[in-house]
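Here is the structure we will look at.
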Amino acid sequence: MHIEHMNYDLMDYVTNRLNEHERKRVEEHLQNCAQCTAQVNELAAADTVIKQSRVEGPTSFYFAAILPRVRERLVSRRRSEWHASNDLANIFFPLAVSVLLLLLLIRIPTDSYSHSTPSDALHQAVKDFNEDEVVQAIEKEYAGVSFSLNLEVAAAGVAEHLQGDKFLKSAVSKQIENEEIAEMDVEGMISDLNAEQVDQVLSGLSERNRI
Amino acid sequence: MTDSSDLELVELFQKGYEESFNELVRRYQEKIYWIAHRFVNDHDKADDIVQEVFIKVYSALKQFRGESSVYTWLYRITVNVALNALRKQRIRDFIRIDEFFETADDENEQPDAILEKNELQKLIEEAIAKLPAKQKAVFILRYHEQLPYEEISHILNTSIGGLKANYFHAAKKIGDYINRAHRTHEL
């Protein structure tokens, strides 16, 4: 005889979240179903443990300070929006995603690969900072399992390109100044990514089995 | 203003009464903090989420049309910001293992704090942290926040059947994780 188990109601049964009618249905079922009964026992044990655990909350001072801090951030955000032009932001953030993805992609485990000079195509692509070409070149190298990339060369190439662009220069100068891209504020770039951009980076990494 | 409903506060804000936003913050700050904390298990990260949620709320309040209740809308924003914070953390974790980037070792708990932390609590946090994003969100909203499935369905844009399945699997995985940990401890 086919028995329709009631798994999906069991946690609500254990935590007493079912209405009278639902609860009776589950109890009737439990009388004839050893599998769901065992499941209830397991869930009840988990519920007991979870209930025993307690997280210390912050003090009332913390909550009292939330509003002034939100207000402060709103004011400072308005100021920075006033200073930054939309055009700049529209170009900077997609670029930030590309640069971040590039930085993450060139993070190939060095113990698995040789340390030879990067191929000319890769070197040139990085230097030209054509993202498609860089990715293609990296994948080509990766497929041949002879991947190697002199990160400093790559970083310098990317930084050189970025700094050469007059429009982006002001946007990224704070991040890279005259230093190699390795010293870019990667943490800041990640913090500034919106949900869509985070997804782009994660899917870029996952497509290449990097994450 | 403290007697006003959520929707009345939003309408007042849309008419230019800034003070009504303050009341919304006071009303929901603890709820939002705890949801955020359950996602990230860390005070500082939860605090970042709280700040970001209210900034998003402030920016979007003028466009709020009342298609869902205010708290459903707030919870939806909170869950989205929290899940986004977790996704960013995956990128940070990816970078952190590489010595090429010397990013600051942020927010990780100090050894003393870990030692002092309730072991049981730590176990539960680990179990929840291992859940897939959707199951985590459902578990937090159903178990901890005790929201009805209808509300969670609006927040996560998922069918009630799907939510129940997610909730069951989340609870079961947490239970299994606790059992495994206990067995390992006994051995």
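A few points about this structure:
- Residue pairs whose Cβ atoms lie under 9 Å apart, sitting 6 or more positions apart in sequence or on different chains, and linking a residue in region B:156-180 that is under 21 Å from B:TRP73 (Cβ atoms) to a partner that is part of a helix (DSSP H, G or I) and of a type in the set (Asp, Glu), are B:ILE160/B:GLU150.
- For region B:146-187, a residue qualifies if it is more than 8 Å from chain A (Cβ to nearest Cβ), within 22 Å of B:LEU123 (Cβ to Cβ) and either small (Gly, Ala, Ser) or crowded, with 16+ Cβ neighbours inside 10 Å (or both), and the qualifying residues are B:ASN166, B:HIS169, B:ALA170, B:LYS173, B:TYR177, B:ALA181.
- When the criteria are applied in full, B:ARG87 fails the requirement of being surrounded by 19 or more Cβ atoms within 10 Å (Cβ to Cβ) and at pLDDT 75 or above.
- Residue check for B:LYS15: surrounded by 16 or more Cβ atoms within 10 Å (Cβ to Cβ) and more than 9 Å from chain A (Cβ to nearest Cβ): no
- Members of region A:20-64 that are loosely packed, with under 11 Cβ neighbours inside 10 Å and not in a helix (DSSP H, G or I): A:ASN32, A:ARG54, A:GLU56, A:THR59
- Total residues in region B:49-60 satisfying the condition of being away from chain A (no Cβ under 11 Å) and at pLDDT below 95: the figure is 1.
The values are calculated or read from the model by the stated rules, or taken from the named source; none is laboratory data. Nothing here was measured: the structure is a model prediction, and the numbers come from that model. Note that each Cβ is placed from the backbone with ideal geometry, even for glycine, and that neighbours are counted across all protein chains shown.
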